[in-house]
Structures are given as structure tokens and as C-alpha cells.
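One structure is given here, and the rest of the page talks about it.
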Amino acid sequence: MKVAAIVLAAGLSSRMAKGNKLLADLGGKPVLRHTLDNVLASQADPVVVVTGHQAGDVEKLIQGLPVKPCYNPQFAEGMATSLAAGIAGLPLDVAAALIFLGDMPLIGGDVIDQIIDGFDPGKGKTIVVPVHGGRRGHPVLWGRAHFADLVALKGDQGARQLLSGHAGEIAECDAGSDAIFADADTPEALARLRARIATAL
């Protein structure tokens, strides 16, 4: 079964004082490049990158990578429009898709593969959620049966709000670390990521 990845990279970075968080330097390369390198190290295929805000700069960053850029002209209307654009960019033979936020650069390919391995539609498990310390994180995998519901979301509604209505279809997998929560959404969060990367180098 083919499992795709949709990487949302179209947002306005509205909580950052200045600049695009996805293009911010993190240990010598942009935040988004870390995220994409991890996704490309996994079984996920194809990889669709949804662009919008500063699309030219983002598309320059991903040039040469085995990913499919998908421009969302309605990016300013909220995350739901980018999710819909990403799903529209998937080929018909995709059985499921992982929804990634472009500013979550610490989720390794091994964790991504673990999430993919949890997808078991034969047993009714059509949604897979990574967990750590009893908390759910990102990315969430959604089977094709849920694509219409994802496309129907509006504004800044995230896909996670759909989880409560599908409790019996959810498989949880232990991510083994807090990387599934670590993002670059604010200057403080980016500083924490830089400290972690510096320690790891």
C-alpha cells in the first residue's frame, strides 16, 4: 500500500516576530529542509510539499529534491486550504497520507516508518497517531476513507479535530521521544530547537 506524505509549508509564520520560520537556519540548514530530509528518509512516497507564503523562496529550497511542490493560492485563508491542496495533489493509488507541519524538524525517518507500519485498514485501523508520555503529537496518518472529511475542513481548522469522531479507527504508536511535539512556531520555540541541534552536533 502506498502511503504519501503531505508537508504543509504555506503558512504566514504569524507568531514569528519576523521572517519565515521554515527558512530559518537550524544547525546550518533551513528548518523545512530538516523536516524534508527526515520525510525522505522514510517509506513515505510520494512527498507533496504545499507552498503559499513566500512560495518562490520555499520552492527554491526544495529544488532538486524528489518531492512534488503544490502551490496553494488561498494559503492566507488558513491551514485547511493547504490540506485540501495537498490532498488534491496526491495520485489516485495512494492508500493513506501523513500530514506533516513543515516546522517540525526533529521527527526521524524511523518514527515516520513506525507510524506507517501501524496503518492496518484490514483491521479497521485507518488513522495512526504518534504518542509520547500519554500525549498525541504529529504527524497523523489518515487513510483515504477520511480524505473527503479532511478536504471539508475550513479556515484554520486542523485535521486533529476529526479524531474524536473516529476513536475506534485510531491506532496509537509510541514515538519514543518528544520530537512529535517540537516545532518552530515562535521565536522561543525556534531557540529551543537550535539548542537541541547544537547539543546533538
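Coordinate-derived values only; no laboratory data. The structure presented is a predicted model; accordingly, all values stated were derived computationally and were not measured. When we count neighbours, we look across all protein chains shown, and the Cβ atoms used for this are built from the backbone with ideal geometry, even at glycine.
Condition first: more than 17 Å from the chain's Cα centre (by Cα), crowded, with 18+ Cβ neighbours inside 10 Å and more than 14 Å from Lys21 (Cβ to Cβ). Now tell me which residues in region 52-66 satisfy that.
Within region 52-66, no residue meets the criteria.
Pick from region 72-101 the residues that are touching a Ser or Thr at 6+ places or on another chain (Cβ under 7 Å) and touching a residue at least 24 places away in the same chain (Cβ under 8 Å): which of them is surrounded by the most Cβ atoms within 10 Å (Cβ to Cβ)?
Only one residue fits best here, namely Phe100.
Could you tell me how many of the residues in region 150-199 are assigned to a helix (DSSP H, G or I) and free of Cβ contacts under 8 Å to residues at least 60 places away in the same chain?
17
Exactly one of (1) assigned to a helix (DSSP H, G or I); (2) closer than 24 Å to Arg196 by Cα; (3) in contact with a Pro (Cβ under 8 Å, 6 or more places away or on another chain) is unmet by Ile107. Its number?
(1)
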